[in-house]
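The structure under discussion appears below in the form of structure tokens.
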Amino acid sequence: MDTDTVTITVANRGNEQFTVDRRRPLLNSLEEQGVSLPYGCKYGGCISCAGKLLSGEINQAAATALNNRQLNDGYILLCVARPLSDCTLDVGVDSHDKLYRNPFASPLRSDELKPDIATPSPINQETNS
Amino acid sequence: MNDDLTSCCGPGYASPAEAMKAPREKLLYTVALYIGTGIQKPDYLATIDADPDSPTYSQVISRLEMPGIGDELHHMGWNACSSCFDDANMERRYLIVPGVRSSNLHIIDCATDPKNPTLHKVINGDEIKAKTDLSAPHTIHCLGSDIIISMLGNAKGEAPGGFLHLNKDFEIVGRWENDLGGMKFNYDFWYQPRHNVMVSSEWAAPNTFMPGFDLEEVGHLKYGRELHFWDFKEKKVDKTFYLGEDGLVPLEVRFHHDPDSSHGFVGAALSSNIIHWYKKDDGEWFWEKIIDVENQPHPNWPIPIPGLISVILLSMDDRYLYFCNWLHGDIRQYDITDPSNPKFTGQVWMGGLLGKAPEVNGRKVTGGPQMIQLSLDGKRLYVTTSLFSTWDNQFYPEIRENGGCMVMVNCDPENGGMEIDKDFFVDFGKEPHGPARCHETRYPGGDCTSDIWI
Ligand code: FES
């Protein structure tokens with residue numbers, strides 16, 4: 001078996017499966033195989049391409065756009081996310097049910113901010129220790 | 001295409017007073033968007049019939065799609081304006097329509113057939129990033145035959161960005177500015193050459209605002225609160241005013257149209273204030289807060305809702321200031337004859353989160369009053385409802401199904417006052433490819449936010 005490739009299952013597109021190169025961003029690999037996906041900046045800064053990781057592991061070190069609440073809800077940025085294993089995803093705007101929140105209705109806790117400014121909340125510290 | 005019969009040669013008008021006498025606008029160009037909607041179609045430039053005597057009045061009559069998806073068209077600007085009035089070689093012909101997310105610049109020919117604009121050229125965002133380390137184009141102004149564009153980030157979407165310089169053939173000259181000083185963020189700008197000044201404002205880094213609005217990031221200084229006064233000739237920031245809590249997220253910058261005036265205004269979106277500045281007799285710039293919109297409590301939300309002043313505009317005679325509270329849902333008109341003592345003269349409601357006007361004239365409004373454009377004679381204000389795709393999705397998620405809309409507000413330039421027009425309504429929810437959103441508007445003959453006199 002080719003270790004450079006993994007299988008991506010797109011749950012909300014009829015569980016269709018794609019073999020993709022693990023070194024390349026999922027957006028490029030899936031688009032090339034005919035999956036039409038939204039995108040904007042293509043460098044991990046804008047969340048237009050967000051999808052939801054339902055199982056598997058990815059590396060999205062270049063992503064700056066997601067806050068920790070979005071990350072905890074499983075969101076990934078397909079334009080920079082590279083798969084580390086077989087993965088199952090929801091893609092497109094259909095997967096954005098929890099991506100957006102009204103900040104006046106639902107403020108973020110300090111641990112839910114973007115990773116560069118988040119501070120651990122006392123509750124999380126307890127659960128982590 | 002000369003905009004008016006009295007013009008000697010170049011584009012535009014000899015003065016703001018001449019501009020006010022121009023024929024009524026018959027066409028509107030408005031950006032329409034599919035980014036963020038789930039509809040996998042490019043954003044487009046919609047041409048709207050604004051001629052009340054035409055059978056297609058108040059309808060989209062043509063659509064120019066951009067070459068690809070994902071641009072997020074936002075603001076636009078002309079290749080030439082009244083600043084070239086004396087130059088017979090210049091012509092107001094091309095609309096420059098940037099994509100904030102893609103950084104692509106679309107150059108659109110609106111003169112060959114004004115009812116069916118065509119794509120003349122695309123400057124690819126990757127080329128801009130490679131040559132200038134800039135991204136996220138926003139405001140466009142022409143300076144004689146040069147074009148400058150505020151760019152909100154570097155190639156990686158980090159602040160402060162800078163200014164892109166294009167020549168009149170739409171070739172990248174490089175970066176316009178010589179010295180950003182301590183500028184932390186970039187957004188809008190306007191210049192007033194007789195005072196050798198340009199003023200620029202601050203939104204946030206693209207990587208901060210593009211994903212949506214995390215209010216909590218304001219406290220982490222990820223959003224702007226300063227105003228920069230530039231030495232225009234030297235292209236360097238000369239003086240920076242810290243506006244503090246009264247100037248959170250200063251966005252649209254407007255100088256008086258009168259080229260001799262030093263008065264200008266900026267709307268601070270989040271603190272929902274209008275800031276006024278002018279040059280005092282001793283030659284020093286001075287700023288003051290002149291309008292303060294109170295936050296409104298919401299019965300179920302822990303944090304009161306700010307007006308969120310997303311746009312301001314001055315009438316061509318500099319007598320009226322208009323602004324929108326995108327989250328509250330009102331458009332206001334103030335008489336600013338005495339700029340330090342504005343008089344509240346008019347208000348209309350459409351959409352918004354306070355539930356004051358979910359419908360106007362029996363038509364559903366999704367979103368709140370957002371971009372506005374005023375006719376040169378000051379009588380008709382065209383209003384659209386979408387701000388920015390990710391922010392729309394946070395505050396007005398129903399816009400995905402309903403689309404945005406454009407309404408017209410009749411304004412009384414003699415006595416003040418405003419009223420939503422009963423006959424004009426463009427429903428972007430009914431677009432052929434599905435519900436779209438609509439943002440900034442421009443007219444072929446120039447408008448109240450395009451032309452500067454030198
Ligand atoms: S396209 Fe902007 S974050 Fe992926």
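Results, tabulated for the structure shown:
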{"item": "B:I331, sole failed condition from (1) in a loop (DSSP other than H, G, I, E, B); (2) within 21 Å of B:V426 (Cα to Cα)", "result": "(1)"}
{"item": "Yes/no for B:T37 being within 14 Å of chain A (Cβ to nearest Cβ), over 19 Å from the mean Cα position of the chain (by Cα) and at pLDDT 95 or above", "result": "yes"}
{"item": "Only one of A:G34, A:G45 that is within 14 Å of chain B (Cβ to nearest Cβ), more than 21 Å from B:F213 (Cβ to Cβ) and of a type outside the set (V, I, T)", "result": "A:G34"}
{"item": "Residues that are closer than 25 Å to B:L27 by Cα and among the small types (G, A, S), drawn from region B:95-143", "result": "B:G99, B:A111"}
{"item": "Per-region count, region B:249-301, residues in contact (Cβ under 8 Å) with a residue 12 or more places away in the chain and within 14 Å of another protein chain (Cβ to nearest Cβ)", "result": "7"}
{"item": "Condition check for A:L89: touching a strand residue (DSSP E or B) at 6+ places or on another chain (Cβ under 6 Å) and either of a type outside the set (A, V, I, L, M) or modelled with pLDDT of 95 or more (or both)", "result": "yes"}
{"item": "A:S55 being of a type in the set (S, T, Y) and either at pLDDT below 95 or surrounded by 20 or more Cβ atoms within 10 Å (Cβ to Cβ) (or both)", "result": "no"}
{"item": "Tabulated pairs, region A:55-72, first away from every other protein chain (no Cβ under 13 Å), second in a loop (DSSP other than H, G, I, E, B) and of a type in the set (S, T, N, Q), C-beta under 6 angstrom, 6+ apart or interchain", "result": "A:G56/A:S85; A:E57/A:S85"}
{"item": "Any chance A:S48 is crowded, with 16+ Cβ neighbours inside 10 Å, more than 23 Å from B:P206 (Cα to Cα) and in contact with a Phe, Trp or Tyr (Cβ under 8 Å, 6 or more places away or on another chain)", "result": "no"}
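The values are calculated or read from the model by the stated rules, or taken from the named source; none is laboratory data. Just so we're clear, the structure is a prediction, and the values are computed from it rather than from any experiment. Ideal geometry is used to build each Cβ from the backbone, glycine not excepted, and the neighbour counts take in all protein chains shown.
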